[in-house]
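Got a structure for you, written out below as structure tokens; questions coming shortly.
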């Protein structure tokens, strides 16, 4: 659970770095590489440790259900996230031509900020989880 929480925090830090560094150095490629590297490590920690959290917090007889719910919520999150990002960005259209839309930087900032807030909420939630009670088998 601590690994999941740390992963979510790293992902949020990566988003924050993206916002701050791109404001300070808008044309430097290293800002994106560094920020996305931190966010990528956080994403890897969070996604890999998620199944361990499911194992540690659910009863053994309900593990199949909990694992299935984990997969379902990952799919739902993967469907809602891009739609939410697009909805935020659509309020910041700067120029539209030939069916293409060009978004202002502030739209990306708000999109990354929303992602950062979701990561922080996930980090707090993961930190507050309690493992199931250990049962002694005789």
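Once label points are set 7 Å from the Cα along Cα→Cβ at both residue 96 and residue 61, what is their separation, rounded to one decimal in nm?
Label at residue 96, label at residue 61, 5.7 nm between them.
Among 84, 18, 29, which one moves the most in a GNM of the chain with springs linking Cα atoms closer than 10 Å?
29
Specify the residue with the greatest mean-square fluctuation among 27, 57, 111, computed from a Gaussian network of the chain linking alpha-carbon atoms under 10 Å apart.
Result for the chain, Cα springs under 10 Å: 27 fluctuates most.
If R0 is 41 Å, what FRET efficiency do you get for residue 132 and residue 20 from their C-beta distance, rounded to 0.05?
Details: r = 40 Å, r/R0 = 0.97.
Using R0 = 41 Å, I get an efficiency of 0.55.
Helix 105-128 against the longest principal axis of the chain: what's the angle in degrees, Cα atoms only, rounded to the nearest 10?
Helix 105-128 and the main axis of the chain meet at about 10 degrees.
Give me log10 I(q)/I(0) at q = 0.14, 0.16 Å⁻¹ for the chain, Debye formula, one equal scatterer per alpha-carbon, no solvent.
After summing over all Cα pairs, the log10 values are -0.75, -0.91.
Next question, about the same structure. Where does each of 96, 56, 61 land when they are ranked from fewest to most other beta-carbon atoms within 10 angstrom?
So the residues, fewest neighbours to most, are 61, 96, 56.
What's the extension gain from residue 69 to residue 87 if we count 0.36 nm per residue and subtract their Cα-Cα distance?
3.8 nm
Taking the chain as a Gaussian network, Cα atoms linked when under 10 Å apart, which of 13, 65, 88 shows the biggest mean-square fluctuation?
Of the options given, 65 has the highest mean-square fluctuation.
Under the Kirkwood approximation applied to all pairs of distinct alpha-carbon atoms, what is the hydrodynamic radius of segment 57-105 in Å?
Result for segment 57-105 stands at 13.7 Å.
How large is the helix-only mean residue ellipticity at 222 nm for the chain, computed as the sum of -39500 (n - 2.57) over DSSP H runs with n ≥ 4, divided by its residue count, in deg cm²/dmol to the nearest 500? Intermediate results must be reported in sequence, preceding the final value.
Numbers: 4 runs with 103 residues, N = 138.
Computed ellipticity for the chain at 222 nm equals -26500 deg cm²/dmol.
Every read-out reported here was derived from the displayed coordinates using simple, explicitly stated rules and does not represent laboratory data. This is a predicted model, so every value here is computed, not measured. Please note: Cβ atoms are built from the backbone with ideal geometry, for glycine as well, and neighbour counts cover all protein chains shown.
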